[in-house]
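Okay, so here's the structure we're looking at.
The values are calculated or read from the model by the stated rules, or taken from the named source; none is laboratory data. For clarity, every value in this text was computed on a predicted model and none was experimentally measured. So basically every Cβ, Gly included, is an ideal-geometry build from the backbone, and we count neighbours across all protein chains shown. Accessible surface areas use protein heavy atoms only, side chains included; no ligands, DNA or RNA. Shrake-Rupley method; radii C 1.70, N 1.55, O 1.52, S 1.80 Å.
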Amino acid sequence: MAALKYAGLDDTDSEDELPPGWEERTTKDGWVYYANHDEMKTQWEHPKTGKKRRCAGDLPYGWEQETDDKGQVFYVDHINKRTTYFDPRQAFTVEDVQHKPKRYDANTPALEILQGRDLSDRVVVITGANSGIGFETARSFALHGAHVVLACRNKTRANEAVGLIQKEWHKSRVEAMNLDLASLSSVKEFAEAFKAKNLALHILVCNAAVCTQPWKLTEDGLESTFQICHLGHFYLVQCLQDVLRRSAPARVVVVSSESHRFTDLVDTCGKVDLALLSPAKKDYWSMLAYNRAKLCNILFSNELHRRLSPNGVSCNAVHPGNMMYTSIHRSWWLMTLLFNLVRPFTKSMQQGAAASVYCAVAPELEGLGGMYFNNCVRCPPSAEAQSEAAAAGLWELSERLVREKAGAGAL
């Protein structure tokens, strides 16, 4: 019996030994993966045990992590003046035990949600990504290996944002492209330029928005808050839906707001009314225009999921946080003052980006959509936002506006 017992222990101990031709490596975040040099492939699971592992703790004092030209992580021991591809923490790896999906809350930063994730096979487009929540969303994806496109109106500021991310990690794959949602022709030009790159599109984050703007018509003759927050994004998705389908499974995330609860879009006959969405100057109130645009975001997200989910494209809407100090309020001094007063009590930009990141990558949401998330938790939106009739009516109106403003062949 003793012989059998010790034999069993020997077999258990040898399980962690790699077969000939295999090598153990680690990612930038300390997750262990295995390279098979004979078959020229890599995998997360140990070839014998089938278990996933990660390195425990921080790098020892004097060590630094770098990435070579092929994207492989190596380690510099500054004290002993040497480099190695072996993670010094691999002697202290721990098993990745499968648990129920982790729950996140208002205090969760986006980078925590992405911890241990390798997004090097993902292409992400984020609108309004040169500052605020959009920037932190882009930064979070880029620092985890994704190819990130910052789709912004101001190309100079977008390039500055790209520089900040690349300065933080020089191997990051991030670029800026011009997109002005207040111009349907600009939306079309962006889509054509993106398609010319022959890239996939796995994640599209419709983040850009404006708030408390004075009444203004776009070059397409529509009220600017409505077009920038909703119609420009609607047309963008229409222009890119073939790429999204081809890249499936793909996800669209639409950034909305709890402000959607304080308005509706239908007239006395129960139909979505353009006069409410794009009012005349005498009927305009900036906050009401913003609330209506945010309601449009959820209705659009729900209808988009209904239409594209059979093709492997899911869509969810999110609320990033209350009264967050972004540039969205810059058009009105009173709102800027109010946002400054509450700034110490609101989320950071990293925490604000968490909901978008969660809906873009959470494994438990694969294929699921038509939902609304606040603080990374699903919650019911307003009754108006759940109206299938209003969602269909908004979609029909949006299609008609795009055809009228961008031409008959726009869709």
Given a 1.4 Å probe, how much area per residue of the chain is accessible, in Å²?
-> 49 Å²
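At a 1.4 Å probe, what is the % contribution of carbon and sulfur to the accessible area of the chain? List each step's numbers first, then the result.
Numbers: 10230 of 20080 Å².
Carbon and sulfur: 51 percent of the exposed surface of the chain.
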Take the alpha-carbon centre of segment 120-171, take the same for segment 185-239, and report the distance between them in whole Å.
-> 17 Å
Sticking with the crude label model, points 7 Å out along Cα→Cβ, report the distance from Asn198 to Asp118 in nm, one decimal please.
-> 2.5 nm
With all protein chains present and a 1.4 Å probe, how do Val76, Val243 order by accessible area, largest first?
-> Val76, Val243
Which value in nm describes the separation of the simple spin-label points at Trp215 and Asp105, placed 7 Å from the Cα toward the beta carbon?
-> 4.5 nm
For the chain, give the magnitude of the charge dipole about the Cα centre (Cβ charges: +1 Lys/Arg, -1 Asp/Glu; no others), in debye to the nearest 20.
-> 1140 debye
Which of Leu304, Leu277, Ser256 sits farthest toward the positive end of the charge dipole of segment 242-317, with +1 on the Cβ of Lys and Arg and -1 on the Cβ of Asp and Glu?
-> Leu304
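Let me check something: with ligands and nucleic acids excluded, how do Glu175, Glu64, Glu396 order by accessible area (1.4 Å probe), largest to smallest? Show your work: numbers first, answer last.
Numbers: Glu175 40, Glu64 75, Glu396 130 Å².
From most exposed to least exposed: Glu396, Glu64, Glu175.
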Among Asp77, Asp180, Asp118, what's the order by accessible area (1.4 angstrom probe), most exposed first?
-> Asp118, Asp180, Asp77
For Ile298, tell me the accessible area in Å² from a 1.4 Å probe, rounded to the nearest 10.
-> 0 Å²
With everything on Cα atoms, drop me the angle between helix 349-361 and the longest principal axis of the chain, reported from 0 to 90° to the nearest 10.
-> 80 degrees
Distance in nm between label sites at Leu18 and Glu384, each 7 Å beyond Cα in the beta-carbon direction?
-> 5.9 nm
Rounded accessible area of Met349 (nearest 10 Å², 1.4 Å probe) | 40 Å²
Report the accessible area of Thr42, computed with a 1.4 Å probe over the heavy atoms of all protein chains in place, in Å² rounded to the nearest 10.
-> 90 Å²
